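This report concerns only the one structure given below.
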Amino acid sequence: MSLSLSAEQPAVPDVADDGVWLECIECGETFAPFDDVRYTCDECGGLLEVRYADLPTFDDFEGHGVWRYAAALPFEAGVSIQEGATPLYEVPRLEDEIGIEALRIKHEGMNPTGSFKDRGMTVGVQVAKELGVGRLACASTGNTSAALAAYGTRGDMETLVLLPAGKVAAGKIAQASLHDARILEVDGNFDACLDIVQELAAKGEVYLLNSLNPFRLEGQKTIGLEILEGFLADYDTVPDRIVLPVGNAGNTSALYKAFRELVQAGELDEDDVPKLTGVQADGAAPMVEAIENDADEVRRWDDVETRATAIRIGNPVNAPKAIPGIRETGGTAVAVSDEEITDAQRALAREGIGVEPASAASVAGLRKLRASGVVDDDERVACLTTGHLLKDPDAAAAAGGDPEPVPADTDDILEHLQQ
Ligand code: F0G
C-alpha cells in the first residue's frame with residue numbers, strides 16, 4: 001500500500017472508537033486508538049496513521065491555535081499552552097532577492113517553547129493521559145525534549161529525555177532542565193538515542209513521544225492547515241509549494257496527511273495540493289539521497305554532521321510516510337551546505353525574523369532550487385522556519401557580528417563610532 005492523494009473515503013472498521021482508529025500504512029491492519037499503547041503495526045511493524053470516519057471541512061474550523069482544528073484531531077481539547085496560530089510573515093526583500101511571485105515565512109519559532117513540537121505535544125500528551133501512562137520519554141536533538149518537558153509537566157507527568165551528548169543547542173537543554181525533565185546525555189548520536197528510547201518503550205518503561213507516535217503528527221498537521229487558511233485569506237489561493245527542513249520527516253508526513261484529508265473531504269483539489277519540498281544539510285541528507293535515486297527505502301547514514309544540530313539525523317523514521325508525500329505532490333528534496341544555511345539565517349534576520357540554523361535550511365533550499373530553475377518565478381511559496389533564534393544562541397552569535405569593547409565614556413564612544 002502507498003499513501004496516495006485520492007478522494008477515496010476510508011471504510012470505517014469495527015475497532016473505531018468514536019470514529020477514530022489507527023491503521024497500518026503498509027498492510028492496512030486496523031487497531032482501536034486508545035485501548036493499548038502501540039506505536040507500530042503488530043502484524044508487520046509498519047508505521048501507523050490515525051484515521052477518521054468524519055473528515056474535516058474548512059467550515060468546521062473555529063477558535064484560535066492548534067485546537068481551532070479540533071475537527072481534524074482526535075479530541076476537542078488537549079494539554080495546552082496556547083500553541084499554534086504562528087505568524088505567516090511577509091518578507092518583501094527576500095522575495096525580491098530570490099525572485100518569486102510571493103514568499104511567506106511560517107515562523108514556528110513563535111510557539112510557546114519556541115518550536116513546532118508544541119503542536120504535536122498538545123495532542124500527544126493528551127493521548128498519554130487517555131492511556132493512563134506514567135512516564136513520558138523522547139530521544140531528541142533538543143526541541144522535542146523542550147516541548148515534552150513543558151507539556152509533560154503541565155499535564156503533571158514525569159518526563160525523561162535522551163540527548164546526544166555535546167550536540168544539543170544550549171537553549172534547548174536549559175528548557176528541558178527548567179521544565180523538570182530528567183535529562184540523560186547519551187554517548188551516541190540522535191539515531192542511537194531513538195533506538196534506545198524505542199527499546200525502553202517496548203519494555204513498557206516509558207510512553208514514547210517521538211514523531212514515530214502517530215498522534216504527534218496529528219497536531220503537526222495544523223501547520224499545513226494554518227498555511228492554507230493564511231494563503232486563502234491573503235491571495236485567495238493555496239500556495240504552490242511549501243519548503244521545509246527535514247530531520248525525521250515528521251512534518252513532511254503531517255502536512256501531506258493534512259492535505260490528503262482535505263482532498264478526501266472534497267475541500268482541496270488533488271492538483272492544487274502544495275508541492276512538498278524537503279531540505280536537509282549536506283552532512284545529513286538520507287532523504288535527499290532517496291528522492292534523487294528514486295529509491296523506495298532510505299539508507300541509514302551512520303555518520304552525520306551539520307551546524308544545524310536539530311536536523312543532524314541519519315535515519316528519518318517517518319520516511320515511508322514522507323516519501324510518497326514528496327512524490328505525489330510533485331515536490332522534491334535538496335541538500336544545502338552549512339554556509340548556505342548560515343547565509344539564509346542572516347537573510348531572515350535582516351527581515352527581523354530570528355531563527356535557529358535548521359529553520360534557515362528551508363530558505364537556503366528555496367534559494368538553491370530557484371537558482372537552478374526547479375522553482376519557477378511565478379510560484380507562491382511558504383517556507384517553514386521550525387525553531388527560534390534563541391534556541392541556539394551560540395550559532396546566532398557566530399553568524400552575527402562581534403560586540404565591540406569600549407570605555408564607559410561618551411566622548412570615547414563618539415570617537416570609536418567614527419572608525
Ligand atoms: N527543525 C527543527 C528546529 C527541529 O527541531 C526538527 C526536529 C526539524 C526541523 C525536523 O523536523 O523531524 O519533522 O523532519 N527535531 C527533532 C527534535 C528531531 O528532537 O527536536 P522533522
Determine which single condition residue 7 fails, assuming it passes every other condition in (1) under 21 Å from the mean Cα position of the chain (by Cα); (2) touching a residue at least 60 places away in the same chain (Cβ under 8 Å).
(1)
Looking at region 180-228, which of its residues are surrounded by fewer than 23 Cβ atoms within 10 Å (Cβ to Cβ) and small (Gly, Ala, Ser)?
188, 192, 201, 202, 204
How about region 29-110: which strands (runs of 3 or more DSSP E) wholly inside it have at least 3 residues that are touching a residue at least 24 places away in the same chain (Cβ under 8 Å) and in contact with a Phe, Trp or Tyr (Cβ under 8 Å, 6 or more places away or on another chain)?
48-52, 102-107
Can we say residue 261 is more than 13 Å from the ligand (Cβ to nearest atom), outside any strand (DSSP E or B), closer than 16 Å to residue 58 by Cα and charged (D, E, K, R)?
yes
Hey, could you check region 130-168 for residues that are more than 16 Å from the ligand (Cβ to nearest atom) and of a type in the set (D, E, K, R) and say which is farthest from residue 392 (Cα to Cα)?
130
Some residue of region 74-81 being open to solvent by less than 40 Å² (accessible area, probe 1.4 Å), out of contact with any helix residue (DSSP H, G or I) (no Cβ under 7 Å at 6 or more places or on another chain) and not charged (D, E, K, R)
no
Filtering region 215-268 down to residues that are of a type in the set (Ser, Thr, Tyr) and under 25 Å from residue 122 (Cα atoms) yields 222, 252, 253, 256
I'd like the full set of residues that are within 26 Å of residue 357 (Cβ to Cβ) and in contact with an Asp or Glu (Cβ under 6 Å, 6 or more places away or on another chain), limited to region 147-169.
147, 163, 165, 169
Only one of 346, 370 is farther than 17 Å from residue 276 by Cα and open to solvent by 30 Å² or more (accessible area, probe 1.4 Å); which?
346
Out of 394, 412, report the one residue that is touching a residue at least 12 places away in the same chain (Cβ under 8 Å), more than 19 Å from residue 277 (Cα to Cα) and assigned to a helix (DSSP H, G or I).
394
Those residues that are open to solvent by less than 10 Å² (accessible area, probe 1.4 Å) and assigned to a strand (DSSP E or B), I need them from region 160-177; list them, please.
161, 162, 163, 164
Mind checking which residues of region 334-369 are within 11 Å of the ligand (Cβ to nearest atom) and either among the small types (Gly, Ala, Ser) or closer than 13 Å to residue 287 by Cβ (or both)?
358, 359, 360, 361, 362
Out of curiosity, is residue 104 open to solvent by less than 30 Å² (accessible area, probe 1.4 Å), among the charged types (D, E, K, R) and more than 11 Å from the ligand (Cβ to nearest atom)?
yes
Out of region 16-49, which residues are surrounded by fewer than 16 Cβ atoms within 10 Å (Cβ to Cβ) and more than 24 Å from residue 210 (Cβ to Cβ)?
18, 19
For region 115-142, how many residues are open to solvent by 10 Å² or more (accessible area, probe 1.4 Å) and in contact (Cβ under 8 Å) with a residue 24 or more places away in the chain?
10
Restricting region 381-391 to residues that are within 11 Å of the ligand (Cβ to nearest atom), in a strand (DSSP E or B) and touching a Gly at 6+ places or on another chain (Cβ under 9 Å), the residue that is most open to solvent (accessible area, probe 1.4 Å):
388
Of (1) surrounded by fewer than 24 Cβ atoms within 10 Å (Cβ to Cβ); (2) assigned to a strand (DSSP E or B), residue 279 fails just (1)
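Matching residues to (1) within 28 Å of residue 41 (Cβ to Cβ); (2) modelled with pLDDT under 95; (3) more than 12 Å from the ligand (Cβ to nearest atom); (4) not hydrophobic (A, V, I, L, M, F, W, C):
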site: 193; (1), (2), (3), (4): yes, no, no, no
site: 198; (1), (2), (3), (4): yes, no, yes, yes
site: 230; (1), (2), (3), (4): no, no, yes, yes
site: 236; (1), (2), (3), (4): no, no, yes, yes
site: 240; (1), (2), (3), (4): no, no, yes, yes
site: 249; (1), (2), (3), (4): yes, no, no, no
site: 252; (1), (2), (3), (4): yes, no, no, yes
Condition check: within 16 Å of the ligand (Cβ to nearest atom), assigned to a loop (DSSP other than H, G, I, E, B) and in contact with a Phe, Trp or Tyr (Cβ under 8 Å, 6 or more places away or on another chain). Does residue 212 satisfy that?
yes
Quick check on region 116-124. Is at least one of its residues under 18 Å from residue 345 (Cα atoms), modelled with pLDDT of 95 or more and under 14 Å from the mean Cα position of the chain (by Cα)?
yes
Odd one out for residue 417 among (1) part of a helix (DSSP H, G or I); (2) within 14 Å of the ligand (Cβ to nearest atom); (3) not β-branched (Val, Ile, Thr):
(2)
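The values are calculated or read from the model by the stated rules, or taken from the named source; none is laboratory data. Computed from a predicted structure; not experimentally measured. Don't worry about glycine lacking a Cβ; one is built from the backbone with ideal geometry, like all the others, and counts go over all protein chains shown. Please note that ligands, DNA and RNA were not included when accessible areas were found on the heavy atoms of the full protein model with its side chains. Shrake-Rupley method; radii C 1.70, N 1.55, O 1.52, S 1.80 Å.
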